[in-house]
1. State all residues of segment 24-38 that are part of a loop (DSSP other than H, G, I, E, B) and without any contact (Cβ under 8 Å) to a residue 24 or more places away in the chain; if no residue qualifies, say none.
2. Against the conditions (1) of a type in the set (Val, Ile, Thr); (2) touching a Gly at 6+ places or on another chain (Cβ under 8 Å); (3) surrounded by fewer than 16 Cβ atoms within 10 Å (Cβ to Cβ), where does THR31 fall short? Just the number, please.
3. For segment 8-20, give me each residue that is modelled with pLDDT of 95 or more and open to solvent by 40 Å² or more (accessible area, probe 1.4 Å).
4. With the structure loaded, tell me whether VAL42 is surrounded by 13 or more Cβ atoms within 10 Å (Cβ to Cβ) and without any contact (Cβ under 8 Å) to a residue 24 or more places away in the chain or whether it fails that test.
5. For segment 46-66, indicate whether the set of residues that are among the β-branched types (Val, Ile, Thr), closer than 14 Å to GLU7 by Cα and not in a loop (DSSP other than H, G, I, E, B) is non-empty.
6. Only one of (1) among the hydroxyl-bearing types (Ser, Thr, Tyr); (2) touching a strand residue (DSSP E or B) at 6+ places or on another chain (Cβ under 6 Å); (3) at pLDDT below 95 fails for THR57. Which number is that?
7. Within segment 58-79, can you find the residues that are surrounded by 12 or more Cβ atoms within 10 Å (Cβ to Cβ) and of a type outside the set (A, V, I, L, M, F, W, C)?
8. Look at segment 45-55 and say how many of its residues are open to solvent by 30 Å² or more (accessible area, probe 1.4 Å) and within 15 Å of LEU83 (Cβ to Cβ).
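The values are calculated or read from the model by the stated rules, or taken from the named source; none is laboratory data. Computed from a predicted structure; not experimentally measured. Neighbour counts run over all protein chains shown; Cβ positions are idealised from the backbone, glycine included. For accessibility, only protein heavy atoms count, side chains too; no ligands or nucleic acids. Shrake-Rupley method; radii C 1.70, N 1.55, O 1.52, S 1.80 Å.
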Amino acid sequence: MKDRYLEVTFRKGKPLAAYLYLPRSVGAKSTRTEEALPGVLVDFSASGEPICLEIITPTSVTVSQINVVLSKLGLAAISPEELAPLQAA
């Protein structure tokens, strides 16, 4: 997968969790998860590549916080527009 994308899971009309899928190798699967900051987990493949950010508190995580995590992982920052679905929810 070449592009990252956001997927939001809802329960009773409220965001329950969000997943920011990161560019990854074809067939990469999560084998390890680490907490990056409260409310944000990073899933890693067997080779150690970050493949997803699990946002388990989607209503309280900010774009700035996500960008801190992405920066630590050596990935490009996200724009507010890419996370707009979380604010709209």
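1. If the condition is that a residue be part of a loop (DSSP other than H, G, I, E, B) and without any contact (Cβ under 8 Å) to a residue 24 or more places away in the chain, then GLY27, ALA28, LYS29, PRO38 are the ones that fit.
2. Answer for THR31: the failing condition is (2).
3. If the condition is that a residue be modelled with pLDDT of 95 or more and open to solvent by 40 Å² or more (accessible area, probe 1.4 Å), then TYR19 is the only one that fits.
4. No: the conditions fail for VAL42.
5. Taking every residue of segment 46-66 in turn, at least one turns out to be among the β-branched types (Val, Ile, Thr), closer than 14 Å to GLU7 by Cα and not in a loop (DSSP other than H, G, I, E, B).
6. (2)
7. Within segment 58-79, PRO58, THR59, THR62, GLN65, ASN67, LYS72 meet the criteria.
8. Total meeting the criteria: 1.
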